[in-house]
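K.L.:
Next up is a structure, given as structure tokens.
No lab work stands behind these numbers, since they all come straight from the coordinates. Quantities reported herein were computed from a predicted structural model and do not represent experimental measurements. Neighbour counts are summed over all protein chains in view; Cβ atoms, including those assigned to glycine, are modelled from backbone coordinates with ideal geometry.
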């Protein structure tokens, strides 16, 4: 067998963003500081913070809820990353969208932790342990992402009320998870 030249692996570098623009989901080019790009970026940061929280969980602790939330965020980011003119196209596509059941799942998780009555005295001071601190970082990232999402209608991008409810509930859940992690 002769040596055949190997093709270089495809590069992530496209150079299409070198001019300070990026593409929304269906290809519309916008500046990288566009409000939708800012919102998607904030949710991407939240997803990374949740990954860190997963990585710092105590041995044997289940990561399933954090992983479900991460999958939910990918769906949310897809919906937020399309132009207003493509919202109906996205809604009719095969892309997974957040549903009432996802919001109900978060509500159930909040109720379950509250039933266990985690200890806390008023305002939390993060940092009791690495996992609790990671959850608090995720919580603050969720609040920042929520602020970006709330601002989109002022820039012409409709936001389904369910998305706002989901992110609000998520930050509540992360706060409770952090308080519970402090007690562990």
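K.L.:
Ranked from highest to lowest mean number of other Cβ atoms within 10 Å per residue, what is the order of the peptides 88-94, 168-174, 7-13?
P.N.:
Listed from highest to lowest mean packing, they are 168-174, 88-94, 7-13.
K.L.:
Sticking with this one: Rounded, prolate or oblate: pick one for the stretch 1-76, where a ≥ b ≥ c are the square roots of the eigenvalues of its C-alpha gyration tensor, a/c under 1.5 means rounded, and failing that, prolate if a/b is larger than b/c, else oblate.
P.N.:
oblate
K.L.:
Okay, moving on. Sorted from largest to smallest, which semi-axis lengths in Å does the alpha carbon gyration tensor of the stretch 141-182 give for its equivalent ellipsoid, taking the root of 5 times each eigenvalue?
P.N.:
Equivalent ellipsoid semi-axes, largest first: 25, 10, 4 Å.
K.L.:
For a label point 7 Å from the Cα of residue 184 along Cα→C-beta, name the residues of the stretch 33-65 whose backbone N is under 11 Å from it.
P.N.:
Counting backbone N atoms under 11 Å from the label point, the list is 53-64.
K.L.:
Quick one, what does Rg over Rh come out to for the stretch 74-154 if you take C-alpha atoms and the Kirkwood Rh?
P.N.:
Reported Rg/Rh, Kirkwood definition of Rh: 1.07.
K.L.:
Let me ask another. Give me D for the chain in µm² s⁻¹, whole number, from Stokes-Einstein with Rh from the Kirkwood sum over alpha-carbon pairs, 37 °C and 0.692 mPa s.
P.N.:
It diffuses with D of about 181 µm²/s by this estimate.
K.L.:
So how tilted is helix 35-55 from the main axis of the chain? Cα-based, degrees 0 to 90, rounded to 10.
P.N.:
50 degrees
K.L.:
Sorted from fewest to most neighbouring beta carbons within 10 Å, what does the list 175, 123 look like?
P.N.:
Fewest-to-most ranking of 175, 123: 123, 175.
K.L.:
Sticking with this structure for a sec: For the stretch 29-113, rounded, prolate or oblate, judged on the Cα gyration tensor with a ≥ b ≥ c (square roots of eigenvalues), a/c < 1.5 rounded, else prolate if a/b > b/c?
P.N.:
oblate
K.L.:
Contour minus end-to-end for residue 74 and residue 140, with contour as 0.36 nm per residue of separation and end-to-end as the Cα-Cα distance?
P.N.:
Stretched out fully, the residue 74 to residue 140 stretch lengthens by 21.9 nm.
K.L.:
Return the tail of the calculated pair distribution for the stretch 63-110, meaning the percent of Cα-Cα pairs more than 15 Å apart.
P.N.:
49 percent
K.L.:
Which residue, 163, 50, 25, has the most motion in a Gaussian network model of the chain that connects Cα atoms within less than 10 Å?
P.N.:
25
K.L.:
May I pose another question? May I ask you to work out the translational diffusion coefficient for the stretch 1-44 at 37 °C, viscosity 0.692 mPa s, via Stokes-Einstein with Rh from the Kirkwood sum over Cα pairs, reported in whole µm²/s?
P.N.:
Value of D from the Cα-based Kirkwood radius: 252 µm²/s.
K.L.:
Going by how many other beta carbons lie within 10 Å of each one, how would you line up 119, 157, fewest first?
P.N.:
119, 157
K.L.:
For the stretch 112-183, report the translational diffusion coefficient in µm²/s to the nearest whole number, using Stokes-Einstein at 25 °C, 0.890 mPa s, and a Kirkwood Rh over Cα pairs.
P.N.:
So the translational diffusion coefficient is about 186 µm²/s.
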